[in-house]
Amino acid sequence: MTGLGPDDLVIALMSGGASALMPLPAPGLTLADKQDINRALLASGATISEMNAVRKHFSGIKGGRLAAAAAPARVVTLAISDVPGDDPAVIGSGPTVPDPTTFADVRAIISRYGISPSPAVAARLARDDDETPKPGSLPQSEIRMIATPAMALEATAEAARAHGLAPLILGDALEGESREMGTVMAGIARSVRSHGFPCPPLPCCCPAARPPSQLEKARPAAAAATPNFCWVSPWRWRGCPGCGRSPATPTALTAPMMPPARS
């Protein structure tokens, strides 16, 4: 990526999972060091924003470093979002996006969760002289969202209307484990069947989107988001004849569907 000029163009394709597929440990760290700190953060309950701050400062490519390496070439990132709010700095830990977080933030996160860093990690935490590129420092880099959960929800609603279903989009910012979301969606379905709200008149569907939780990423058994959503305790769907659930992907369009009420 080095040696590019101002007339060069770099096209970066970014989506969820890119962070795991592009590991490049920062100087002084090994892949094992990064894996150890990542496991500790997953077990600690750290938020995705906190984990991203740490990942960026332990990487030689994330947090805008890829775009910085390509300078002065123009960098255009085409991104597929799987995160609430579509923050490009979170998608794949933002290799082409400036990073507002600092080493001081990372040290506070490590301390907050009582994580004991290895000597190599402790040395990296002290490298304030090797900060990630900050907002305003990458004017040659631009981001274009080509697919987002909101776009998928709108397309789902359009398809539902074409099939005679009245859609009620529940949003693209739902978060939680798939089993929990299955329970919530079952409750919504029963409410629609029994009381006619919050959905429009039957038949209807209630599409929503959610990213995989950090627990699902940490535990392979929990990562089967679609089966876990579908097979949430069957009794939670009792009392709702004709109700169905149809998840699409782990980042999930989760859409309970209700047929017309029977007289």
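None of the figures in this text is laboratory data; all of them are computed from the coordinates on show. Bear in mind that the values here come from a model prediction, so they are computed numbers and not experimental data. Positions of Cβ are generated from backbone atoms using ideal geometry, with glycine treated the same way; all protein chains shown enter the neighbour counts.
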How far is it, in nm, from the label point at Ala162 to the one at Thr183 when both lie 7 Å from their Cα along the line to the Cβ?
-> 3.7 nm
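Once you order the gyration tensor axes a ≥ b ≥ c over the Cα atoms, which shape class does segment 9-147 get: rounded for a/c under 1.5, otherwise prolate or oblate by comparing a/b with b/c?
On the way: a/c = 1.96, a/b = 1.52, b/c = 1.30.
Verdict is prolate for segment 9-147.
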To the nearest 0.05, the calculated FRET efficiency linking Lys134 and Ala43 through their beta-carbon distance, R0 being 30 Å, is 0.50
Quick one: Karplus J couplings for segment 184-194, per residue in order, coefficients 6.51, -1.76, 1.60, θ = phi - 60°, nearest Hz, x for Gly and Pro?
-> 4, 5, 5, x, 4, 4, 5, 5, 5, 5, 7
Given a Förster distance of 30 Å, the FRET efficiency implied by the Cβ-Cβ spacing of Arg127 and Leu4, rounded to the nearest 0.05, works out to 0.70
